[in-house]
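All remarks here apply to the structure that follows.
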Amino acid sequence: MSPTDPEIRQKLIGTWTDDASRSSRLEHKADGSFVLGSTSGTWWVKGGFMIARFTNANGTVQVESNKVVSVGRHKLVILDARGGTNELRYHKE
């Protein structure tokens, strides 16, 4: 049985480190905000997707959606929105 959106959201709260790039850290805050490097914005979960809204360096508002493959207490696997099939793996700090 797949986790519900509220279950996914609860598990995503915290700071995650990208396994491929140990210097890349993603922090999901309980208030619905996030920080990824110098980028910040808002995030939510809908239909099993982690969705983020942020303003890029050019001042353009962007919305990015990544399919949550699995999320546990210490491990997160998502499908990259840009690549479609690239899995991104994170570990919770």
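Picking from residues in the range 30-47 that are part of a strand (DSSP E or B) and among the hydroxyl-bearing types (Ser, Thr, Tyr), the one that is farthest from GLN10 (Cα to Cα) is THR39. In the set (1) among the polar types (S, T, N, Q); (2) out of contact with any Lys or Arg (no Cβ under 6 Å at 6 or more places or on another chain); (3) in contact (Cβ under 8 Å) with a residue 24 or more places away in the chain, THR17 fails one condition alone, (2). Just one of the listed residues (GLY59, GLY72, GLY37) is among the small types (Gly, Ala, Ser) and within 21 Å of PRO6 (Cβ to Cβ), and it is GLY72.
Scanning the range 5-29 for residues that are assigned to a loop (DSSP other than H, G, I, E, B) and either touching a strand residue (DSSP E or B) at 6+ places or on another chain (Cβ under 9 Å) or aromatic (Phe, Trp, Tyr) (or both) yields a count of 6.
For the range 48-74, a tally of residues being outside any strand (DSSP E or B) and touching a Lys or Arg at 6+ places or on another chain (Cβ under 9 Å) returns 4.
Only the coordinates and a few stated rules stand behind these numbers; no lab work does. If you're wondering where the values come from, they're calculated on a predicted model, not measured in any experiment. In this analysis, Cβ positions are derived from the backbone assuming ideal geometry, glycine residues included, and neighbour counts consider all displayed protein chains.
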